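Please read the structure below before turning to the comments.
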Amino acid sequence: MYKAMKIKDLKNYGIPYYAVDIWKKHYSPDLLPLQEEAVRNYGILSCGGNEEGRIQYAPTGGNDKREEVRNDNNNLLVIAPPSSGKSFLGEMAVTAHLTHQKKCIYLSPFRFYAEEKYNHFKNLYNTCGLETIISTRNRKEDDCRILRGDYKLAVMDCEKFNYYLFMYPEFLSDVSLVIIDEMQIIDDPKWGPLLEEMIDLLLKKDLANLRIIALSAHVKNQDTLLKWFPAHPLISYPQAVEMRKGVVREGVFKYTTSNEEKACRREIFFKPEAVRDNCFEDYLLETVKYFIKKDEPTLIFFSTPEESRQWAKKLASRLESPAASCAIKELKGMEDTLSRKELLGLLGKGVAYHNPELSWEERNLVETYLKKKEIKIVCASTKYSIDLNLPFYPVMQ
C-alpha cells in the first residue's frame with residue numbers, strides 16, 4: 001500500500017530538524033503528490049552546483065532541441081493548479097539553500113505580494129537565524145545590503161528586480177537560487193512584458209551556479225512557455241472537474257458546463273418573489289443562502305478590498321448561519337490588528353473577507369477554515385486573489 005512521504009522524512013534530504021519542526025507545525029504532516037515528486041525526482045532540495053543537483057531523467061514530450069537545452073541547466077519550471085502545493089516547493093528550496101549558507105532571492109509579481117512573502121518568511125524563520133530582507137519601490141531600507149551582498153534571503157518584486165538587473169548586474173554574482181513565483185502573470189497584458197523582459201535579462205547572464213525555479217499556474221500558451229523557458233518542467237494537471245458558467249435570473253440559474261458547452265441547463269436557486277427586480281444585493285443574498293443550505297462554502301470576488309469588506313458585512317447582517325467557532329477561538333489568540341475585531345464579528349455568522357487588509361496569519365486562517373467548511377462565505381478582492389489557495393467551491397464574480 002502506497003504511503004505519502006511525510007515532512008519528517010525530509011531530514012533524510014539534509015533539511016535540519018528545526019526547519020522540519022517549523023513545517024510540521026504550520027503544514028500538513030504529509031507532502032502533497034506534487035511536492036513528493038519534486039523532492040524525489042526533481043531535486044527541489046538540491047543546492048549544489050549543476051552536477052550535484054542535476055535532474056536524473058529528461059522530461060517527456062517536446063522536441064530534441066528543447067531537451068538538449070534543458071539538460072544544460074538545473075532550472076525547474078513547475079506548472080500546477082491552485083492548492084497543489086507550489087508555494088511550499090519554493091519555500092523548501094529556499095530553506096535548503098539557506099541552511100547551506102547560500103544566498104537566495106524570492107521574486108513576487110507585485111509589491112503587496114512581496115510584502116506578504118517577506119512577513120511569512122520573517123515570522124517563520126528569523127528566530128532560526130535565516131534572516132529575510134525586502135526590497136520594493138516602497139521598501140528601500142535594505143537596498144544597500146543587497147548591493148553589498150550582506151543578506152541571506154531577499155524578497156523582491158519583479159519591478160525592483162528588473163531595475164537591479166539593469167543598473168547593478170553584478171549583484172547576482174554570489175546568488176545561488178532565484179524563485180520566480182506566480183509566473184502565470186506572463187499571460188497578463190500589463191505585467192507579462194515586464195516579466196518576460198526580466199527573465200530574458202536573467203537568462204542571458206553567465207551564472208553557472210545559479211538555479212532558477214519558476215512556479216506557475218496553468219497558462220493559455222503553455223507549450224510556448226515550455227519552449228521559451230529553459231528548464232526541466234514538472235507539470236501537474238488538474239483533475240477533470242466539471243465547471244458551470246451562467247447567470248441567475250428570476251431565481252433560475254441558466255448555465256452551460258465545460259463538458260457540454262452548447263447544452264443549456266437550468267437549476268432553481270430561489271423563488272422570483274424572494275428578490276426585487278434588478279437588485280444585486282437581493283440576488284446575491286438568495287444565491288448565497290442556496291449554497292449554504294447545500295453546505296457548499298462560497299467564494300465571491302469583488303473589484304476592490306473595500307468592496308470585499310463592505311459586502312462581507314452586508315451578508316453577515318442578513319444571514320442566519322452557524323458561527324465559525326474554531327476559527328474565532330484561533331483568531332482570539334492572534335495579535336491584535338485593525339481588522340481583527342471586525343473579522344471576529346463576521347466569523348460569528350460564518351462569514352469572512354480575504355484581502356491585503358488582513359495579516360498573513362489572518363488570511364491563512366480564513367483559507368484554512370473555508371477548506372474545513374466552517375467558514376461559509378468569503379468575499380475576496382479580484383486584484384489581490386493571486387495568492388488565494390483554495391479548493392474548487394462555488395465562485396461568483
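From the list Y237, Y283, Y290, which one is among the aromatic types (F, W, Y), outside any helix (DSSP H, G or I) and either touching a residue at least 12 places away in the same chain (Cβ under 8 Å) or open to solvent by 40 Å² or more (accessible area, probe 1.4 Å) (or both)?
Y237
Considering only the stretch 328-349, state which residues are small (G, A, S) and closer than 20 Å to S381 by Cβ.
Those that are small (G, A, S) and closer than 20 Å to S381 by Cβ: S339, G345.
Step by step: first the residues of the stretch 206-223, then only those that are open to solvent by 60 Å² or more (accessible area, probe 1.4 Å) and over 16 Å from A93 (Cα atoms), then the one that is nearest to the chain's Cα centre (by Cα). Which residue is that?
Here the answer is H218.
On the phi < 0 side of the Ramachandran plot and of a type outside the set (K, R): is that true of D282 in this structure?
yes
Which of (1) open to solvent by 70 Å² or more (accessible area, probe 1.4 Å); (2) closer than 23 Å to K102 by Cβ is the odd one out, the single condition G149 does not satisfy?
(1)
Here's a check for you: in the stretch 320-338, which residue that is open to solvent by less than 50 Å² (accessible area, probe 1.4 Å) and modelled with pLDDT under 90 is nearest to V248 (Cα to Cα)?
So, considering only residues that are open to solvent by less than 50 Å² (accessible area, probe 1.4 Å) and modelled with pLDDT under 90, the one nearest to V248 (Cα to Cα) is S321.
Give the residues of the stretch 114-137 that are of a type in the set (S, T, N, Q), open to solvent by 10 Å² or more (accessible area, probe 1.4 Å) and under 22 Å from the mean Cα position of the chain (by Cα), sorted by residue number.
Result: N119, N123, N126.
Name every residue in the stretch 136-171 that is among the acidic types (D, E) and either in a loop (DSSP other than H, G, I, E, B) or in contact (Cβ under 8 Å) with a residue 24 or more places away in the chain (or both), in order of residue number.
Passing the criteria: E141, D142, D150, D157, E159.
Among (1) closer than 26 Å to G43 by Cα; (2) assigned to a loop (DSSP other than H, G, I, E, B), there is one condition P189 misses while meeting the rest; what is its number?
(1) is the only condition that P189 fails.
The values are calculated or read from the model by the stated rules, or taken from the named source; none is laboratory data. No experiment lies behind these values; they were computed from the predicted model shown. Reconstructed Cβ throughout: ideal geometry from the backbone, glycine too, with neighbour counts over all protein chains shown. We work out accessible area using only protein heavy atoms, side chains counted, and drop any ligands, DNA or RNA first. Shrake-Rupley method; radii C 1.70, N 1.55, O 1.52, S 1.80 Å.
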